[in-house]
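The values are calculated or read from the model by the stated rules, or taken from the named source; none is laboratory data. Everything numeric here is computed off the predicted structure, so don't read it as measured data. Every residue, glycine as well, gets a Cβ built from its backbone with ideal geometry; the counts of neighbours run over all protein chains shown. Accessible surface is based on the protein model in full, side chains and every heavy atom, while ligands, DNA and RNA are left aside. Shrake-Rupley method; radii C 1.70, N 1.55, O 1.52, S 1.80 Å.
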Amino acid sequence: MKYSRLFILLFVILASMGAKAQGTTENVIWPVLGKNDTIRVAATNDGGYMIPWIALQEVKIMGQRIWRSAADQAAFNRLRYNVLKVMPYALYAKRRYEKLERDLALVDDKKTQKKLVKECDNEIKKMFNTEIKELTITQGQILTKLIDREVGRTTFDIVKQTKGGFAAFSYQLVARVVGHNLKTTYSATEDRDIESIIVNSGYYQ
């Protein structure tokens, strides 16, 4: 009898607590969520369970370089200056060459194709006459490497494809006179200092 009364008392107490909790929830005014209060994420179906996930940006961790001498550090700083000086021209060449390829793919008429190639050639010449001609020999050599890096073809191959083999040969002769080589290729391994500068330049963020 004593235990039954205790059980009834416990039941009444729990029931009253539940009623109070329900009343508290009902009286709460919840904020109205808008579109900016919701985070949209991707989800993957894994055996009937939708697992949300968010793609994180790549985090690159670069070790701090230790220089063997002040001269080595000064040489790297000069290389960095030269790479950042010519990088915009390499990116311009990439965009312009890709545009030319897209335009050529849309037309079959040889005359129209020659016109498109001439327009591209005139734009490159205009940039050369106003800016690129002021580059040093070292900067010009770096630029030919970066064009191969960005376009996937050497400057010689680009000229050969767009203007023919004789023009490419002629351009190469002129380039060799002033210390350039239009056939210069780029290697991320051999040119690891240049690659490091480009990766940390912010151009691809």
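Would you confirm whether or not the stretch 19-35 contains a residue that is out of contact with any Phe, Trp or Tyr (no Cβ under 8 Å at 6 or more places or on another chain), modelled with pLDDT of 85 or more and open to solvent by 90 Å² or more (accessible area, probe 1.4 Å)? Taking every residue of the stretch 19-35 in turn, none turns out to be out of contact with any Phe, Trp or Tyr (no Cβ under 8 Å at 6 or more places or on another chain), modelled with pLDDT of 85 or more and open to solvent by 90 Å² or more (accessible area, probe 1.4 Å). Determine, yes or no, whether ALA75 is out of contact with any helix residue (DSSP H, G or I) (no Cβ under 8 Å at 6 or more places or on another chain) and open to solvent by less than 80 Å² (accessible area, probe 1.4 Å). Criteria met by ALA75. Taken over the stretch 162-194, the criterion of being among the β-branched types (Val, Ile, Thr) and modelled with pLDDT of 75 or more is satisfied by THR184, THR185, THR189, ILE194.
Of all residue pairs spaced 6 or more apart or on separate chains, those with beta-carbon atoms under 6 Å, a first member in the stretch 73-94 that is over 21 Å from VAL151 (Cα atoms) and a second member that is open to solvent by 40 Å² or more (accessible area, probe 1.4 Å) and not in a helix (DSSP H, G or I) are GLN73/TRP67. If the condition is being out of contact with any Ser or Thr (no Cβ under 7 Å at 6 or more places or on another chain) and either at pLDDT below 70 or surrounded by 10 or more Cβ atoms within 10 Å (Cβ to Cβ) (or both), then the stretch 43-63 contributes ALA43, PRO52, MET62.
Just to be sure, is THR136 touching a residue at least 40 places away in the same chain (Cβ under 8 Å) and either over 27 Å from the mean Cα position of the chain (by Cα) or more than 26 Å from ILE198 (Cα to Cα) (or both)?
yes
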